[in-house]
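The values are calculated or read from the model by the stated rules, or taken from the named source; none is laboratory data. For clarity, every value in this text was computed on a predicted model and none was experimentally measured. Neighbour counts run over all protein chains shown; Cβ positions are idealised from the backbone, glycine included. To get the accessible areas, we keep the full protein, side chains included, count just its heavy atoms, and leave off ligands, DNA and RNA. Shrake-Rupley method; radii C 1.70, N 1.55, O 1.52, S 1.80 Å.
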Amino acid sequence: MTTETKLRMALIGCGFFAQNHLHSWASIPEVEIVAVCDRDAAKAEAAKQSFGAARAYTDAAEMFAAEKLDFVDIATTMQTHLALVEMAAARGVHVIVQKPLAPSFADCQTIVDTCAKAGVRLMVHENFRFQSPILAARRVLAEGRIGRPHYCQASFRSGYDVFSGQPYLATEKRFILIDLGIHILDVCRSIMGEAETLYCQTQHINPKIAGEDVATSLIRHVGGGVSVVDCSYASRRLPEPFPQTLLRIEGEHGTIELLEGYRLRVTSHGEVTEENVEPETLSWTQKPWHVLQESVLNLQRHWVDSWRKGAAPETSGTDNLRTYALVMAAYQSAESGSIVTLAS
């Protein structure tokens, strides 16, 4: 891609969260939204009108046959991902896929293998690690200000009603680990590296939903570091912290804390500094969602930057398999009551 050439893309899935994808693509000058697709014709047409796409489709196969695309952004439920990726790969169209990548690890592996065989780029839309506050904490760590980390707590505890915007979540037999926990486990991986063992306990607090809504995991990482990853949609407290992810990272020379209210406190060699790392509110974002919304833009910019450099994106399919393996290990541990050893 040259600086004069725009990447031609299409979005499949024009639902609740996909609006953030569309706003973000519309904010990136190197990208042109040429088509949108949704089984609901009204949603597809609304997205076309709002974001200036040339055409709207209700059938993905028809869209792939008619359009000349550089890449497609798949923002549908995970049960549809494999078939859509196979359509894209068959036409040499590069792919971004919303997390979770697929309902099973085998299907995730098939998606990765399909893209590799077709020679198309694959990135998983795993956006939490691209939140500005988390990026700020990761930068402090990369600067070496606390030395080598040996402990991390990554926490997301809320009572926010996520089911009103995404009612299908209430019917999922596996809920918080696969929907939210995958994000927090991925953040933990990005900070502490790969896992050796994992132990998890889950709870089902809300009787109106089918799946688990609390999960707590203890992870030992390669090199000896330890992490606690805790997720909850059954926490009742005020002020409501949704949708903030909190961090505590302890190292040889100090501690990094990402606290409520987007405060980043760093203790380094006996000195303490604190700064506000709350994301700006953009023209299309609104509190409290702004931290999530801006992370979509950050991730999508990363896709374009990686493309230009010819580099693999940070959340490539291969990388995401390791995060997905943590989710599956957490379910296995919770069901068996045992520590699970991760493959090296």
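Brief remarks follow.
- Contact annotation: residue pairs with Cβ atoms under 8 Å, 6 or more positions apart or on different chains, pairing a residue in the range 139-151 that is closer than 11 Å to I249 by Cβ with a partner that is hydroxyl-bearing (S, T, Y), are R145/S268; I146/T255; I146/T267; I146/S268; Y151/S227.
- Residues (assigned to a helix (DSSP H, G or I) and surrounded by 16 or more Cβ atoms within 10 Å (Cβ to Cβ)) located in the range 66-79: M78
- Filter result (without any contact (Cβ under 8 Å) to a residue 40 or more places away in the chain, of a type outside the set (D, E, K, R) and under 27 Å from G211 (Cα atoms)) within the range 301-342: Q332, S336, G337
- Count of residues meeting criterion [open to solvent by 80 Å² or more (accessible area, probe 1.4 Å) and under 19 Å from R174 (Cα atoms)] in the range 323-344: 2
- Residue within the range 302-315 that is in a helix (DSSP H, G or I), buried (at least 19 other Cβ atoms within 10 Å of the Cβ) and polar (S, T, N, Q) present: no
- Scanning the range 19-42 for residues that are closer than 16 Å to A60 by Cα and out of contact with any helix residue (DSSP H, G or I) (no Cβ under 6 Å at 6 or more places or on another chain) returns V34, R39, D40, A41, A42.
- Residue within the range 265-274 that is among the hydrophobic types (A, V, I, L, M, F, W, C) and either surrounded by 19 or more Cβ atoms within 10 Å (Cβ to Cβ) or on the phi > 0 side of the Ramachandran plot (or both) present: yes
- Flag if L342 is of a type in the set (A, V, I, L, M) and within 17 Å of the chain's Cα centre (by Cα): no
- Strands (runs of 3 or more DSSP E) fully within the range 130-237 counting 3 or more residues that are open to solvent by 50 Å² or more (accessible area, probe 1.4 Å): 149-157, 195-203, 214-221
A quick yes/no check of all residues on (1) modelled with pLDDT under 95; (2) assigned to a loop (DSSP other than H, G, I, E, B); (3) open to solvent by 20 Å² or more (accessible area, probe 1.4 Å); (4) not acidic (D, E):
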position: L82; (1), (2), (3), (4): no, no, yes, yes
position: E86; (1), (2), (3), (4): no, no, yes, no
position: V97; (1), (2), (3), (4): no, no, no, yes
position: L101; (1), (2), (3), (4): no, yes, no, yes
position: D113; (1), (2), (3), (4): no, no, yes, no
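- Which numbered condition K287 fails, given (1) of a type in the set (D, E, K, R); (2) open to solvent by 40 Å² or more (accessible area, probe 1.4 Å); (3) touching a residue at least 40 places away in the same chain (Cβ under 8 Å): (3)
- Residues in the range 47-65 that are part of a helix (DSSP H, G or I) and either among the acidic types (D, E) or open to solvent by 30 Å² or more (accessible area, probe 1.4 Å) (or both): K48, Q49, S50, F51, A61, E62, A65.
- Any hit, the range 182-197, residues being more than 30 Å from E274 (Cβ to Cβ), of a type in the set (D, E, K, R) and under 18 Å from the mean Cα position of the chain (by Cα): yes
- Selection count, the range 201-236, where residues are farther than 23 Å from V162 by Cα and hydrophobic (A, V, I, L, M, F, W, C): 5
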